[in-house]
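Below is one structure, written out as structure tokens, with a few remarks after it.
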Amino acid sequence: MIKRFSALSPSWLFAAPALLVYAVVVLYPSVAGVLYAFTDWSGIGEGMSFVGAANFRAILNDEQAMGSLGNTLLLTLAIVVVQNGLGLLLALGVHAKLRSRALLRVIFFAPVVVSPVMVAFLWKYVYNPDPSAGLNGLLGLEVDWLGDPSVALWSIAGMVVWQYAGYSMVIFLAGLEGIPAELHEAAMIDGAGTLQRFRYVTWPLLAPALTINLMLSTIGGLKLFDQVFAATNGGPGYATETLSTVLYKQAFVFGKFGYSTAIALVLALFVAAVSLVQIYYLRSREVAQ
Amino acid sequence: MRRTFLLEVVMIAAAVAFMFPVYALVTLSLKDPAQLSQTPLALPNPPTGDNFAKAWSAAALAPSLVNSTVITVVSLVALIGLGSFAAYFLARAHTRLGYGLYVLFLLGIVLPFQLGMIPLYRLVTDLGLIGTHAGMILFYTGVQLPFTVFLYTGFIRALPREYASAAQIDGASHLTAFTRVVFPLLRPITGTVLILNAVFIWNDFFTPLLYLGGSGFETVPVSVFSFVGQYVSDYGLVFAGLVMGALPIVLVFLVLQRYVIKGFSSGLKG
Amino acid sequence: MTDLQRARMSRGQFFRMMGGLAVAAAATACSTRPQTTTPTSGGTGAAAAVDLKFVGVADQKAPMDALLAAYQKVKPGVRLTASYAPTDQVQTSLRTQLGAGNAPDLHVVYPGNGSAMSMSQIAGAGLLADLSAQSWTGTIPTGFKPALQMDGKTMMYSAGSSVIGAIYNKKVFEKAGVEAPPTTWTEFLALCDKLRKAGVTPIALGAQTPWVTQLITYALVPSTVYAKDPAFDDKQLAGQTSFAQSGWRQAMEMYLELSERGFFNDKPNGTTFEQQISMVATGRAAMAVQVSAVLPDFRKSASSPDDLSMFPVPGADSADQVWIPAGVVVGLGAAAKGRNVEEAKAFIDFLGRQESINSWAKTISAIPLTQDAGSTIDPAVESFLPFTKDRAVPFMDQRWPNAEVQPVHFAVVQELLAGKATIDEALKKMDEAYQK
């Protein structure tokens, strides 16, 4: 079967125009950009010399870069777990036959369409320390959401989860809608309760949705920049500095473009490695089931 | 029945809590400065449209809306055309070339944009496209292709092959088979591609600032944030600006929202 | 609409030509390129339209817009389009444009050294046009020269200087029974105490906004460091002294004293510049240590602009040992490799006229670079004038050797306020950044 159809494969020319644009806008500049990682270029002017791998060695001794790696991982972990957990709960909720489910879906997804920088502006107000305004006013709390170094990172995670839980929800929902109703009916006839049906029917069949969700939220978390930059700019102190904000500052605030590119390259390799491991592990889980 | 009702109540409560930041945004934009500081959480009483009137004229949003619309619409057309074409090949070619190209496209999702920023800026300058709509359209088409190709490829892989094959047996070329038979079947995922790319392009702030700043062709986010930068201390005014900047894309989403969910669901079946 | 269309046409041709130029420029790499465009005299007719681009920070919009309109009348043949954005974004886009060799004709430049967009860093890379031939540069006061000049050549324009001090709400002071602004540190502390007992926050601090963190140290360091050792900068550059070994320690201690005695609002690290403004403008706080350039922002938020005034923060216990920070305000320069260098320089020459200086300075409550009968000085900053002759020092970062010290200063102040670092650790980090 497969053989017969692959003889009918379309020509590679179908991909050629896209490949051309992609190569011009993304591939060529990225490859050209990588070269800067081996120089001491400031980012402006002509002065530049090749320094070999010195920039990469410097990362290891850079307290700020290493500290930001820790923050990045914590932030990513928090976002991946909470965003997908919440997304799954919301999906299960709006998958049920509720009268308001169409409206609920729209509400939960709506923050996705607003720009991250705007969301950060808005949440800076929501995270106002004033006990009579924002979240504190609503909940009767006196938390210094963005100003307390031990809270700020989690506040940023909260803001990101608020914006993207709906995204996870939609992907899980798609997975749920793909599960044939007969399977649930069969399980019910066998006397399985709600939890058991979730454990043995729903959860295994959600695997493809879970793979995509975990991958997208991990990449998003590791590369997170706009929200952190607009909400705290890495502060207070260095409490919310992430790899992306550090590499930004090295390039545009400190004038160390070469070094910044080295960090960007490390980040890219790191993200690629994590996604590959995830895809490999999760796909093999999908197949096993 | 009772359990569904209980669930409905819980979900509605969750939605209300979820809406709190939006409530803050909208109510604050309708308050005058006195209400802002004295009753930050209450409903605006009386509501005032002053902030909106002031923000509309100060941020010069009318021309920006035109620029944003042109750039977004043309980029979307290019993305859908190029992306679906490429994905048709990537999904159907079970060759090393097909797989290699697919991975090459996925690489684009992982690369941080900072890496190629300066070489790309040089290139766009040399092409004479700085300060033009064309430059922005080229940029968005390029950077959003990986994600677009990823979505389309997943969807096409899940489509039964028989449709296109049947058409070909009838003597149609791949091109005709694709445009007449396959592409119309892609409608749900095209809806998803449309909304997610529209969101990205409409909201992008940094690239238009870099490529269009000072050209007179600024997009909505650039105008809104330059406005926000000047009136930082006036929350009512700033929030009115934010509401107006987000409104067009929110409306587009409300119109297209059915497709977003449908597109995902059909894309995942494979 | 027709106007827009025409702009597009001419811009299109312009860039096509430009693309060719860029290729040619790449071919001839470093050779000093001859002036590619002969200086267009504005008067020769409408056909010789020149497009100039200016990229500035949001604070520059108000003064620039007025002057752009005036320039349109002087030189109708020159079309100058300006765009403004928040500082961070401008920094990013300008550095990218400069890096790719395509800077706008005119752009924001920070005086002195110490930031990635400062005069020394950009001029050092050979990217700013020399303005020394213009007549206004002949009258730059000596104290301003280090901020605007490199190796004796003027590389940027600025309309004047602003000071750092306490912006205060007069009504709040009256209500609390404060008669005159304090002149010594002890009096300043007593004032804060009095205000606190009267039930208002003495000092609003918006330390969530990074640049706001530095202002209190900057207000104190002139008295604790420079009053004792006016040559501190040179000695520090020569490695003879450091932050840790100087009056910087005392300034940090004073900063923390204000914090520990509860003179700041609750949770300064979570409070933004915008909230700081609103606290003082609405009378919930009595004052804020700020740059005079933001006086207009405070006034906009107050019920009456007359509610606000300013006084120097006394950082010493004898009034004659009090020095103040007075820094050159952010200005602009012309790109050395721009397409219309001469036209860009001509605009700066226009900004150098006394009327232009007066107009710019007035809009942002600055003290004009040079003064004549038409100069006005904001009454709120009059109390600073006695200091400006011999007891004023430029903002500290303008003499720092690299762009890393300032962000470290922001971060350590936030850590100090959060109780996450000691003064020793903070000064050590700043010294390390200084050495880089």
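Just so it is clear, none of the values below were taken in a lab; they were calculated from the coordinates. What you see is a predicted model, and the numbers here were worked out from it, not measured in a lab. Note that we place each Cβ from the backbone using ideal geometry, even for glycine, and neighbour counts take in every protein chain shown.
Taking the DSSP bridge list for the protein assembly as shown and keeping only pairs wholly inside it, about 60 percent are antiparallel. Distances between placed amide hydrogens fall under 5 Å for residue C:324 paired with C:392, C:393, all partners being 5 or more residues away or on another chain.
On a per residue basis, the convex hull of the C-alpha atoms belonging to the stretch B:58-268 measures out at 144 Å³.
Convex hull volume of the C-alpha atoms in the stretch C:153-265, normalised per residue: 157 Å³.
Hey, can you grab everything whose amide H is under 5 Å from the amide H of residue C:271? Only 5+ residues off in sequence or another chain; H modelled, so Pro and N-termini drop out. Long-range HN contacts for residue C:271: C:207, C:208. As a length-normalised measure over Cα pairs under 8 Å and 6 or more apart, the relative contact order of chain C settles at 24 percent.
Three semi-axes describe the equivalent ellipsoid of the stretch C:311-436; taken as square roots of 5 times the Cα gyration tensor eigenvalues and ordered largest first, they are 34, 25, 11 Å. Size descriptors for the stretch A:53-204 (Cα atoms only): Rg and Dmax, in that order, 20.6, 67 Å.
This model, with +1 at the C-beta of Lys and Arg and -1 at the C-beta of Asp and Glu, gives the stretch B:58-268 a dipole about its Cα centre of some 680 debye.
Taking one quarter of the surface of the convex hull spanned by the alpha-carbon atoms of the stretch C:176-234 gives a direction-averaged projected area of 5.4 nm².
Enclosing the Cα atoms of chain C in their convex hull gives a volume equal to 154 cubic angstrom per residue.
Cross-link partners of residue A:97 among lysines, defined as those whose alpha carbon lies under 20 angstrom from its own and excluding same-chain residues fewer than eight positions apart: B:262.
Secondary-structure-derived ellipticity at 222 nm for chain C, considering helices only, amounts to -12000 deg cm²/dmol, per-run term -39500 (n - 2.57) for DSSP H runs with n ≥ 4. Taking all C-alpha pairs of the protein assembly as shown, those more than 40 Å from each other amount to 45 percent. With the biggest extent put first, the Cα atoms of the stretch C:74-154 measure 37, 33, 22 Å across the principal axes. Relative to the Cα centre, the charge distribution of the protein assembly as shown, modelled as +1 at Lys and Arg Cβ and -1 at Asp and Glu Cβ, gives a dipole magnitude of about 3280 debye. When the charge dipole of the stretch B:58-268 is built from unit charges on Cβ atoms (+1 for Lys and Arg, -1 for Asp and Glu) and taken about the Cα centre, the candidate among B:249, B:236, B:206 whose Cα reaches farthest toward its positive end is B:249.
Can you list the HN-Hα couplings for the stretch B:31-40, worked out from phi with the Karplus curve (6.51, -1.76, 1.60; θ = phi - 60°), rounded to whole Hz and with x for Gly and Pro? Karplus-based 3J(HN,Hα) across the stretch B:31-40 equals 10, 7, x, 5, 4, 4, 8, 8, 10, x Hz.
Shape summary: the stretch B:2-48 maps onto an equivalent ellipsoid whose semi-axes, from the alpha-carbon gyration tensor, are 31, 8, 8 Å in decreasing order. Measuring between their Cα centroids, the stretch A:260-285 and the stretch C:311-331 lie 52 Å from each other.
Think of the protein assembly as shown as a dipole: +1 on every Lys or Arg Cβ, -1 on every Asp or Glu Cβ, centred on the Cα centre; then among A:263, C:213, C:319, A:263 lies furthest on the positive end.
Under a Cβ-Cβ cut-off of 13 Å, what is the net charge of the residues other than residue C:419 that fall near it, where Lys and Arg count +1 and Asp and Glu count -1? Summing Lys and Arg as +1 and Asp and Glu as -1 gives -3.
Remark on chain A: hydrodynamic radius 22.2 angstrom, per the Kirkwood mean of 1/r across alpha carbon pairs.
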